[in-house]
Amino acid sequence: MGVKIITDVISDINRNIAEKYDIDVMPIEIMIKGKYIPTTDISVEEMVKLIQSTKKIPDFKGVSIEKYEEAFKKHVTKGDDIVCVTAGSIAISNYDCACYAATKFPDAKIHVINTNRFSGNVGLLSVKAAILAQEGLSAAEIADRCTRSLDKLSQTALMDSLDFLKYAGSVPKILAAGTSALHAKFAFAMSKDDERDAEIVGYSMKKAVKNFCTKVFKDINKIKPDIVFLTHTLSEENYIQEVEEFVRNLKFFEEVIVCESSHFNTSFVGPNCMTVTYLLK
C-alpha cells in the first residue's frame, strides 16, 4: 500500500523520468486526416511537418473517463491511494474526466488536481508529488501541498518563431509575420490560464539562448532549489544542451530534469522551443 501518482502526457514526462519516480503517464489522442489516433502512432517530427504544410493545429482528445477508471481501478485494487495531476482544463478535458472516474470508487482516496497549466508545470508538480510519496506523506497531504504550490510555479519559454502560435490563433498574423521577418526570438513568461508576457531576447538563437538563461535565473535567490524542469521541442544545434549546461553550472538545483515536449505542447510552439520551470519560494 502506498500513494500512486498519475498524470498525463501533456506533463512532458518521458519514460525514464516516469520509471525513476514511479509515475503513471496517461496517453492522449491526436486527429490526423479526420480520425483520432494515439500520439504514439505518429512522431513529433511528422506532426510538425504536417502543421507546417497545413498551417493548422490538429485537434487532440484527452484521456477518457474509461481510461482513468481503468488506471484508478488498477491501483485501488492494490490498496493504493491516488494523486492525479492533470493538465489545464481550459484546453483539454482530463481534469473533468478524472474527477468523474474517481466517483466510481467512493471508498478510495483519490485526489485530482487541476493545474490549469501545461508542459513542465504539470511535469514538475507530478515529480514533486512523487517525491513526497516516496517520503511517506499521505495522498491528502501531497494533494494539499501540490495545490498550494500552484501559484509558486514559474515557467518561461524561449521561442524561435511565433508561427505555430499564429496557426493556433494565439497571436495576430501581422505580429507573427513581422517578428518572423526580423527573426526575433521571444521569451514568454507563462502563467496560469495560459497567459503570456513576452520579451524579445535576441535575433539569433545563439544569442537568445544566453540572454534567455540570464533572464530566467537573474533572481535565483527567489527560487526553490529542489527541482528545475527543462523541456524542448525538436531542439536543433544543441540549444537545449546549452540551457542544461548553464543550469548545471549554477550548482543550485538538487534535481535537473530534461524532457522532450509532447505532441500537444509542441503543436502550439513549433521547433526550437525550450522551457524552464521551477517553484518560487
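The values are calculated or read from the model by the stated rules, or taken from the named source; none is laboratory data. Quick caveat, the model's predicted, so the values are computed rather than measured. Cβ coordinates were reconstructed from backbone atoms using ideal geometry, including for glycine residues, and neighbour counts include every protein chain displayed.
Quick look at the numbers
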| quantity | calculated |
| --- | --- |
| Test: Lys281 is more than 26 Å from Val25 (Cβ to Cβ) and out of contact with any helix residue (DSSP H, G or I) (no Cβ under 8 Å at 6 or more places or on another chain) | no |
| Complete set of residues in region 93-136 that are out of contact with any helix residue (DSSP H, G or I) (no Cβ under 7 Å at 6 or more places or on another chain) and either within 25 Å of Phe268 (Cα to Cα) or in the same structural domain as Thr275 (by TED's automatic domain parsing) (or both) | Ser93, Asn94, Tyr95, Asp96, Gly120, Asn121, Leu124 |
| Test: Leu125 is buried (at least 18 other Cβ atoms within 10 Å of the Cβ) and not aromatic (Phe, Trp, Tyr) | yes |
| Residue in region 76-91 that is under 20 Å from the mean Cα position of the chain (by Cα), of a type in the set (D, E, K, R) and not in a loop (DSSP other than H, G, I, E, B) present | no |
| Residues of region 128-156 classified as within 24 Å of Asn221 (Cα to Cα) and either buried (at least 16 other Cβ atoms within 10 Å of the Cβ) or touching a residue at least 12 places away in the same chain (Cβ under 8 Å) (or both), total | 15 |
| Any hit, region 254-273, residues being part of a strand (DSSP E or B) and closer than 19 Å to Glu199 by Cβ | yes |
| Any hit, region 113-123, residues being small (Gly, Ala, Ser) and either within 13 Å of Val3 (Cβ to Cβ) or part of a helix (DSSP H, G or I) (or both) | yes |
